[in-house]
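Structure first, commentary second.
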Amino acid sequence: MTQPQRDWKAHSIHGVFLRFVVHENRRYQGKPLYDWLLLEARKLGIHGGSAYRGIAGFGRHGILHEEHFFELSGDMPVEVRFVCLQDEAYRLLDAVEGAELSVFYVLGPTLYGVAGAPKEEWARGLPPMF
């Protein structure tokens, strides 16, 4: 196996991968909770986030939620993901608790970066991708 051309560990930033899992029909302040999480993260200065809709899932109560062609329950899982610095993730978690919401989350260490761009160009904030 050949060696990589770049030292990817040195080219990366140490951060965290923060994920929330919510039901798509759960709302807060008149909007879907996944939207509120994305907007709150942006307000806190987190550089990006995405929401992904699941096709099936079950939670702590063991109830399986599935989407069928003829019935759209609106109760499917939505995962909201952020890759950011640890203190940014903690501020978003503080905002969730400050809003008195109960939301399942997963938080773990990660390395992240932008391939194809020098680290000094993006390390202070990821550039627009499109």
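Are there strands (runs of 3 or more DSSP E) fully within region 1-61 with at least 3 residues that are surrounded by 16 or more Cβ atoms within 10 Å (Cβ to Cβ) and touching a helix residue (DSSP H, G or I) at 6+ places or on another chain (Cβ under 8 Å)? List them. Can you show your working first?
Details: elements: 13-23, 50-53, 56-58.
Answer list for region 1-61: 13-23.
Could you tell me which of the residues Leu18, Leu33, Leu38 is within 13 Å of Glu79 (Cα to Cα), in contact with a Gly (Cβ under 6 Å, 6 or more places away or on another chain), of a type outside the set (Phe, Trp, Tyr) and modelled with pLDDT of 95 or more? Don't jump to the end; show me each part of the working.
Working: Leu18 fails: in contact with a Gly (Cβ under 6 Å, 6 or more places away or on another chain); Leu33 fails: in contact with a Gly (Cβ under 6 Å, 6 or more places away or on another chain).
Just a single option satisfies the conditions, and that option is Leu38.
So the check is Cβ under 9 Å with 6+ separation or different chains; which pairs have a first residue in region 40-51 that's in contact (Cβ under 8 Å) with a residue 24 or more places away in the chain and under 15 Å from Asp87 (Cα atoms) and a second one that's acidic (Asp, Glu) and in a helix (DSSP H, G or I)?
Ala41/Glu88; Leu44/Glu88; Gly45/Glu88; Ile46/Glu40; Ile46/Glu88; His47/Glu88
For the condition at pLDDT 85 or above, assigned to a strand (DSSP E or B) and buried (at least 16 other Cβ atoms within 10 Å of the Cβ), what is the one hit in Val96, Val106, Val80? Walk me through how you get there before you give the answer.
Working: Val96 fails: assigned to a strand (DSSP E or B); Val106 fails: buried (at least 16 other Cβ atoms within 10 Å of the Cβ).
Exactly one of Val96, Val106, Val80 is at pLDDT 85 or above, assigned to a strand (DSSP E or B) and buried (at least 16 other Cβ atoms within 10 Å of the Cβ), namely Val80.
Here are the criteria: (1) modelled with pLDDT of 95 or more; (2) out of contact with any Phe, Trp or Tyr (no Cβ under 9 Å at 6 or more places or on another chain). Tell me which single one His68 does not satisfy.
The one condition His68 does not meet is (1).
The values are calculated or read from the model by the stated rules, or taken from the named source; none is laboratory data. Since the model is a prediction, treat every value here as computed from it, not as a measurement. Don't worry about glycine lacking a Cβ; one is built from the backbone with ideal geometry, like all the others, and counts go over all protein chains shown.
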